[in-house]
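Trainee: I'd like to ask some things about the structure below.
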Amino acid sequence: MLAVSNLSAGYGSFQALFGVTLEVRAGEAVAVIGPNGAGKTTLLRAISKLIEASAGEITMEGTRLNELPAHEVIGRGIAHVPENRRLFPRLTVEENLRMGAFSARRKFAERLRFAYGLFPRLEERRDQPAGTLSGGEQQMCAIARALMSGPKLLLLDEPSAGLAPVVVQSIFALVKRICAEGYTVLIVEQNVQQVLKVVDRAYLLETGRIRSSGAAATLAASGEIQRSYLGL
Amino acid sequence: MKPLAFAGVALLALLPLTGIGNYPLHLVIMCLLWAYVYTSWSIMGRLGMVSLGHGAFLGIGAYAVVMFWNHFGLSPWIGAPVAVLLSLALAVVIGLPCFRFRIVGHYFALVTLALSEVTRLVIVALRDYTGGSLGATPNTALAQGNAWSLAAVQFSDKWVWFYVILAVWLVGLWIWARVDRSMTRLALEAISQEEDAAASIGINVTRSKLFVTLISAGMTSIGGVLYAQYQLYINPETVSGIGISLQMVFGAIAGGMFVMLGPTVGAVFTLLLQEGLRLALGDAFKQFPALDLAVYGLMLVLFIIYMPKGILGAALEWRSRLTHRISISNSSPSIGGRQ
Amino acid sequence: MEIFDIFLLEAVVNGILLGGLLALLSLGLNLIFGVIDVVWICYAELIMIGMYTVFVLHTQYGWPLVAAMAAGVGVVAALGAAMHQFVIRPVLAAEPINQLLVTGGMLFLLQAAATLAFGIDFRNLGVRMTPIVVGEMSISAPRVIAFAAALAGVAATWLLLTRTYIGTAIRAISQDRAIMPLMGVNPDRVFLVTSALGGALAGLGACLLVLQYDIHPAIGLTFGPIVFLICVLGGLGNMLGGLVASFIFAQFISVGGFFLHIEWGYVIAFAFFIAVMFWRPQGILGAR
């Protein structure tokens with residue numbers, strides 16, 4: 001479904017990604033793991049076109065994304081849940097979800113019902129300003145907002161960041177449930193242990209380059225990850 | 001650079017002796033006066049404090065001296081310091097809360113805009129004293145063939161005014177240079193980049209900003225004093241209010257407010273623009289009122305979009321880029337194999 | 001004594017009516033600043049153009065007043081959008097002061113254009129309406145109409161911002177501009193719509209002003225600064241603050257002008273402004 005080949009990207013004169021190649025097949029759950037500063041967030045931002053790639057190609061179901069303006073990516077079926085949630089703090093929960101459905105207004109009502117079915121707590125708080133929600137609730141809202149556009153591929157940027165351990169558990173359970181619903185997921189995470197239990201495959205990204213990849217279980221067992229994180 | 005500057009000033013000083021006509025001399029005087037006023041503004045403007053309210057200080061300077069002379073018979077030698085003190089007081093009243101509460105950017109610009117408008121309104125409202133929108137004229141002290149009155153600061157010979165304003169202009173440039181070289185300027189550049197960081201290393205933000213503001217306000221009010229004494233006619237629209245405030249900003253920016261002579265170039269530019277249009281259109285100029293205003297506005301828009309560093313600023317940048325390129329080609333080894 | 005009270009009441013009522021009109025005017029400016037982070041220094045000049053549009057269409061082309069007003073709103077809306085696209089957008093990434101100055105240049109341009117087109121004579125729409133008499137108070141009818149229309153305009157804007165997708169997008173972009181593309185929203189388009197909306201509000205204000213006041217190329221300089229002050233007083237970008245500040249300011253002008261000469265009413269209002277700036281420079285409802 002998603003094919004990234006030889007992608008290089010960065011911020012101004014600072015290059016963060018060097019020739020990254022990966023792919024996500026339909027129905028899969030794929031993780032990109034790596035230590036701090038590896039370029040994981042940059043990778044997702046390059047895919048959703050928040051930043052421009054300096055080299056390489058990104059294709060979604062065969063269509064090239066390179067020339068696409070950022071606001072048309074969602075139309076290709078890619079929804080990005082950004083780092084730190086990034087809800088609109090003074091809009092209510094429901095208004096945030098409405099923004100998520102901006103590109104798919106006709107389906108708003110039914111998708112809203114689905115979202116509230118998945119996240120009953122959000123329905124309780126539907127008229128509350130999103131900024132007043134707890135960290136875990138905000139993450140749920142952010143994910144729900146992304147689902148409102150009816151995407152094929154969901155990009156999740158460190159969904160567990162900054163959350164209490166108990167909440168982290170529920171977030172990953174949620175991710176597992178989303179995968180079960182049939183969404184294709186590309187998740188970027190620092191919390192290696194938890195994420196490898198949820199996904200099918202994973203890539204190890206280190207200082208902008210893919211160090212290794214493979215089935216989640218295999219990667220978990222190998223010592224590569226520890227070496228990478230500990231800088232060995 | 002220095003000898004060139006001295007030569008230039010010396011040449012300029014010889015101007016009245018060239019037999020230049022009264023009207024061209026008047027133009028040069030106005031040019032230097034506005035150059036001085038624009039320079040005063042840019043002392044604040046270049047350090048991130050863009051004021052749209054300097055009309056207030058100009059107006060206070062102009063009206064204070066005229067009112068003191070006309071109503072109390074007090075010479076401008078007394079009226080001017082009072083005007084300056086009033087301006088400084090106003091600058092503190094507005095500056096202190098603004099700087100203490102970190103009011104910057106749009107907010108600051110609009111608050112200063114309010115200031116110039118309040119001043120204009122007060123001048124108009126006090127019409128029994130100021131003559132309101134009709135304007136005011138200092139009572140003449142040049143009766144019975146006297147060409148000079150030092151006490152009243154009125155001179156009918158233009159060349160006297162030329163030297164006075166030339167001197168003031170030079171002093172203005174000197175002050176600009178002193179502020180430029182002072183620690184305050186470094187402090188303020190740090191502030192304009194990252195105010196919290198600057199404050200955290202002990203730079204007293206409020207005091208630094210206030211210092212520069214007071215200098216700028218005081219200088220501008222002197223400009224108002226000179227304008228009133230030279231033109232011998234002032235009205236609220238030409239010396240206070242948003243119109244003249246914007247004109248000051250435009251003049252400084254068009255010339256380049258980060259360079260010492262930038263505002264002067266701006267004054268020359270706006271003058272040439274006005275006179276050029278007048279000459280080019282002749283009678284038609286009368287038929288198309290406000291054409292210079294239209295060109296003004298258009299130029300401001302175009303300048304901000306395409307030449308935000310101003311004429312002089314852009315010219316200097318272009319020159320430094322040129323010399324940089326030349327020096328590189330001189331120092332790099334030639335590719336053709338010659339050692 | 002009774003008459004004294006009645007006239008004071010009349011001043012208060014006039015103040016309320018004026019407050020409504022000022023509230024509408026400040027709404028447009030606050031909207032533009034709150035969303036795009038730009039101050040249209042030439043906002044009053046846009047209103048002036050709107051006033052001339054209504055005047056020309058109605059008196060020179062014989063359009064019915066309502067049609068001329070609708071056209072006025074449309075013209076200023078288009079002008080606002082065009083100004084954003086061609087003048088502001090190129091400097092949107094530059095220093096904020098550049099945006100301020102570029103609209104300052106537009107101020108000169110619009111004034112000059114109006115002078116060239118219409119000359120410096122004062123024009124008047126010539127609409128005469130009998131005053132509304134309530135007890136012993138006499139209230140000008142155009143003022144009441146203006147108040148009602150202003151409230152309608154404010155209500156319509158509120159509905160647009162809260163009940164429509166584009167309105168929600170406008171509010172969203174002022175809270176987080178960077179992630180708007182992730183919602184499938186083109187930020188440039190939202191800014192353009194916002195500019196058109198701000199222009200439309202200015203145009204509506206023009207229609208209401210033209211009923212009551214003479215038109216002149218430089219009238220922007222008379223009420224422009226007042227609108228800016230009201231916005232700053234209420235907290236720049238804060239639409240509710242602008243509304244509150246409008247009514248307070250209008251009372252100062254009206255009641256102050258009642259006790260003293262009308263001009264002093266303005267001076268008092270301005271002095272009040274400076275006093276508030278001393279105490280709370282971020283505005284009454286401004287965030288700190």
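Trainee: Go through the residues of the stretch A:207-221 one by one and say whether even a single one is among the polar types (S, T, N, Q), touching a residue at least 60 places away in the same chain (Cβ under 8 Å) and on the phi > 0 side of the Ramachandran plot. Let's see the steps before the verdict.
Mentor: Going residue by residue through the stretch A:207-221, those that are among the polar types (S, T, N, Q) are A:207, A:212-213, A:218.
When the remaining residues are screened for being touching a residue at least 60 places away in the same chain (Cβ under 8 Å), the result is A:207, A:213.
Still in the running and on the phi > 0 side of the Ramachandran plot: A:207.
Yes - at least one qualifying residue is present in the stretch A:207-221.
Trainee: Then there is this: Before we move on, is B:Ile60 surrounded by 14 or more Cβ atoms within 10 Å (Cβ to Cβ) and in contact with a Ser or Thr (Cβ under 6 Å, 6 or more places away or on another chain)? Write out each step before concluding.
Mentor: Numbers: surrounded by 14 or more Cβ atoms within 10 Å (Cβ to Cβ): yes; in contact with a Ser or Thr (Cβ under 6 Å, 6 or more places away or on another chain): yes.
Yes.
Trainee: How about the stretch B:26-41: which of its residues are within 13 Å of B:Gln247 (Cα to Cα) and not small (Gly, Ala, Ser)?
Mentor: B:Trp34, B:Val37, B:Tyr38, B:Thr39, B:Trp41
Trainee: Still on this model: Only one of (1) among the aromatic types (Phe, Trp, Tyr); (2) part of a helix (DSSP H, G or I); (3) within 28 Å of B:Thr112 (Cα to Cα) is not met by C:Trp40, so which one is it?
Mentor: C:Trp40 satisfies all of (1) among the aromatic types (Phe, Trp, Tyr); (2) part of a helix (DSSP H, G or I); (3) within 28 Å of B:Thr112 (Cα to Cα) except (2).
Trainee: Is it true that A:Ile33 is within 10 Å of chain C (Cβ to nearest Cβ) and touching a residue at least 60 places away in the same chain (Cβ under 8 Å)?
Mentor: Numbers: within 10 Å of chain C (Cβ to nearest Cβ): no; touching a residue at least 60 places away in the same chain (Cβ under 8 Å): yes.
Answer is no for this residue.
Trainee: Return yes when B:Leu90 is out of contact with any strand residue (DSSP E or B) (no Cβ under 6 Å at 6 or more places or on another chain) and in contact (Cβ under 8 Å) with a residue 60 or more places away in the chain and no when it is not.
Mentor: Values: out of contact with any strand residue (DSSP E or B) (no Cβ under 6 Å at 6 or more places or on another chain): yes; in contact (Cβ under 8 Å) with a residue 60 or more places away in the chain: yes.
Against the criterion (out of contact with any strand residue (DSSP E or B) (no Cβ under 6 Å at 6 or more places or on another chain) and in contact (Cβ under 8 Å) with a residue 60 or more places away in the chain), B:Leu90 qualifies.
Okay, residues lined up against (1) more than 10 Å from every other protein chain (Cβ to nearest Cβ); (2) surrounded by fewer than 23 Cβ atoms within 10 Å (Cβ to Cβ):
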position: C:Ile47; (1), (2): yes, no
position: C:Ala67; (1), (2): yes, yes
position: C:Gln99; (1), (2): no, no
position: C:Val102; (1), (2): no, no
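Trainee: Sticking with this structure for a sec: Can you find, within the stretch A:60-69, the residue that is surrounded by the most Cβ atoms within 10 Å (Cβ to Cβ) among those that are more than 9 Å from chain C (Cβ to nearest Cβ) and outside any strand (DSSP E or B)?
Mentor: Of the residues in the stretch A:60-69, the ones more than 9 Å from chain C (Cβ to nearest Cβ) are A:60-68.
From what's left, outside any strand (DSSP E or B): A:61-62, A:65-68.
Numbers: A:Glu61: 13, A:Gly62: 7, A:Leu65: 22, A:Asn66: 14, A:Glu67: 7, A:Leu68: 15.
The extreme case among them is A:Leu65.
Trainee: Filtering the stretch C:237-281 down to residues that are not in a helix (DSSP H, G or I) and not charged (D, E, K, R), which residue is nearest to the other protein chains (Cβ to nearest Cβ)? Please lay out each step first, then the result.
Mentor: First, the residues of the stretch C:237-281 that are not in a helix (DSSP H, G or I): C:237-238, C:260-261, C:280-281.
Now drop any that are not not charged (D, E, K, R), which leaves C:237-238, C:260-261, C:281.
Numbers: C:Gly237: 9, C:Asn238: 12, C:Leu260: 9, C:His261: 7, C:Pro281: 5 Å.
Only one residue fits best here, namely C:Pro281.
Trainee: Right, another one. Would you call C:Phe228 assigned to a helix (DSSP H, G or I) and within 11 Å of another protein chain (Cβ to nearest Cβ)?
Mentor: Yes, satisfied.
Trainee: Let me ask something additional. May I ask you to verify whether B:Arg100 is among the charged types (D, E, K, R) and surrounded by fewer than 19 Cβ atoms within 10 Å (Cβ to Cβ)?
Mentor: Working: among the charged types (D, E, K, R): yes; surrounded by fewer than 19 Cβ atoms within 10 Å (Cβ to Cβ): yes.
Yes; evaluated as a whole, the condition is true for this residue.
Trainee: Could you please find all residues in the stretch C:236-280 being surrounded by fewer than 23 Cβ atoms within 10 Å (Cβ to Cβ) and of a type in the set (Val, Ile, Thr)?
Mentor: C:Val244, C:Ile248, C:Val255, C:Ile262, C:Val267, C:Ile268, C:Ile274, C:Val276 - these are the residues of the stretch C:236-280 that are surrounded by fewer than 23 Cβ atoms within 10 Å (Cβ to Cβ) and of a type in the set (Val, Ile, Thr).
Trainee: Taking the stated definitions as given, is A:Lys49 within 27 Å of A:Glu181 (Cα to Cα), in contact with a Gly (Cβ under 6 Å, 6 or more places away or on another chain) and surrounded by 20 or more Cβ atoms within 10 Å (Cβ to Cβ)? Steps first, please.
Mentor: Working: within 27 Å of A:Glu181 (Cα to Cα): yes; in contact with a Gly (Cβ under 6 Å, 6 or more places away or on another chain): no; surrounded by 20 or more Cβ atoms within 10 Å (Cβ to Cβ): yes.
Considered against the rule, which asks whether it is within 27 Å of A:Glu181 (Cα to Cα), in contact with a Gly (Cβ under 6 Å, 6 or more places away or on another chain) and surrounded by 20 or more Cβ atoms within 10 Å (Cβ to Cβ), A:Lys49 comes out as no.
Trainee: Among the listed residues A:Tyr183, A:Tyr203, identify the single one that is without any contact (Cβ under 8 Å) to a residue 40 or more places away in the chain and either of a type in the set (Ser, Thr, Tyr) or within 22 Å of A:Leu44 (Cα to Cα) (or both). Spell out how you get there, then give the answer.
Mentor: Values: A:Tyr203 fails: without any contact (Cβ under 8 Å) to a residue 40 or more places away in the chain.
It is A:Tyr183.
Trainee: Any idea which of B:Phe288, B:Phe269, B:Phe211, B:Phe303 is modelled with pLDDT of 80 or more and within 13 Å of chain C (Cβ to nearest Cβ)?
Mentor: Numbers: B:Phe288 fails: modelled with pLDDT of 80 or more; B:Phe269 fails: within 13 Å of chain C (Cβ to nearest Cβ); B:Phe211 fails: within 13 Å of chain C (Cβ to nearest Cβ).
After applying the criteria, what remains is B:Phe303.
Trainee: Just the residues that are more than 14 Å from chain C (Cβ to nearest Cβ) and either free of Cβ contacts under 8 Å to residues at least 24 places away in the same chain or farther than 14 Å from B:Ile43 by Cβ (or both), please, taken from the stretch B:221-254. It would help to see each step written out before you state the result.
Mentor: Of the residues in the stretch B:221-254, the ones more than 14 Å from chain C (Cβ to nearest Cβ) are B:221-234, B:239.
Passing the criteria: B:Gly224, B:Val225, B:Leu226, B:Tyr227, B:Ala228, B:Gln229, B:Tyr230, B:Gln231, B:Leu232, B:Tyr233, B:Ile234, B:Val239.
Trainee: Another question, if that's okay. Run A:Arg177 past the list (1) part of a helix (DSSP H, G or I); (2) touching a residue at least 40 places away in the same chain (Cβ under 8 Å); (3) crowded, with 19+ Cβ neighbours inside 10 Å and report the number of the one that doesn't hold.
Mentor: (3)
Trainee: Continuing with the same structure: Can you work out which of the residues in the stretch B:112-143 that are assigned to a loop (DSSP other than H, G, I, E, B) and not polar (S, T, N, Q) is surrounded by the most Cβ atoms within 10 Å (Cβ to Cβ)? Even if it seems obvious, please write down each step before you answer.
Mentor: Of all residues in the stretch B:112-143, those assigned to a loop (DSSP other than H, G, I, E, B) come to B:126, B:131, B:135, B:137-143.
Okay, now just the ones that are also not polar (S, T, N, Q), so B:126, B:131, B:135, B:138, B:141-143.
Values: B:Leu126: 17, B:Gly131: 20, B:Gly135: 16, B:Pro138: 23, B:Ala141: 15, B:Leu142: 14, B:Ala143: 7.
Only one residue tops the list, namely B:Pro138.
Trainee: Check C:His58 against each of (1) within 14 Å of another protein chain (Cβ to nearest Cβ); (2) crowded, with 16+ Cβ neighbours inside 10 Å; (3) of a type outside the set (Val, Ile, Thr) and name the one condition it does not meet.
Mentor: (1)
Trainee: Out of curiosity, is A:Arg145 basic (Lys, Arg), part of a helix (DSSP H, G or I) and surrounded by 14 or more Cβ atoms within 10 Å (Cβ to Cβ)? Lay out the reasoning, then the answer.
Mentor: Details: basic (Lys, Arg): yes; part of a helix (DSSP H, G or I): yes; surrounded by 14 or more Cβ atoms within 10 Å (Cβ to Cβ): yes.
Taking the combined requirement at face value, the residue satisfies it.
Trainee: Quick check on my filter: what residues within the stretch A:70-104 are within 7 Å of chain C (Cβ to nearest Cβ) and either part of a helix (DSSP H, G or I) or farther than 30 Å from A:Gly136 by Cα (or both)?
Mentor: Within the stretch A:70-104, A:Ala70, A:His71, A:Ile74, A:Gly75, A:Glu95, A:Arg98, A:Met99, A:Gly100, A:Phe102, A:Ser103 qualify.
Trainee: Can you tell me which residue is surrounded by the most Cβ atoms within 10 Å (Cβ to Cβ) among those in the stretch C:183-221 that are over 17 Å from the mean Cα position of the chain (by Cα) and part of a helix (DSSP H, G or I)?
Mentor: C:Met183
Trainee: Let me ask you something else. Going by the conditions given, is C:Glu95 of a type in the set (D, E, K, R) and in contact (Cβ under 8 Å) with a residue 40 or more places away in the chain? Talk me through it step by step, then tell me what you get.
Mentor: Working: of a type in the set (D, E, K, R): yes; in contact (Cβ under 8 Å) with a residue 40 or more places away in the chain: no.
Considered against the rule, which asks whether it is of a type in the set (D, E, K, R) and in contact (Cβ under 8 Å) with a residue 40 or more places away in the chain, C:Glu95 comes out as no.
The values are calculated or read from the model by the stated rules, or taken from the named source; none is laboratory data. Just so you know, these numbers come straight off a predicted model, no measurement behind them. Cβ coordinates were reconstructed from backbone atoms using ideal geometry, including for glycine residues, and neighbour counts include every protein chain displayed.
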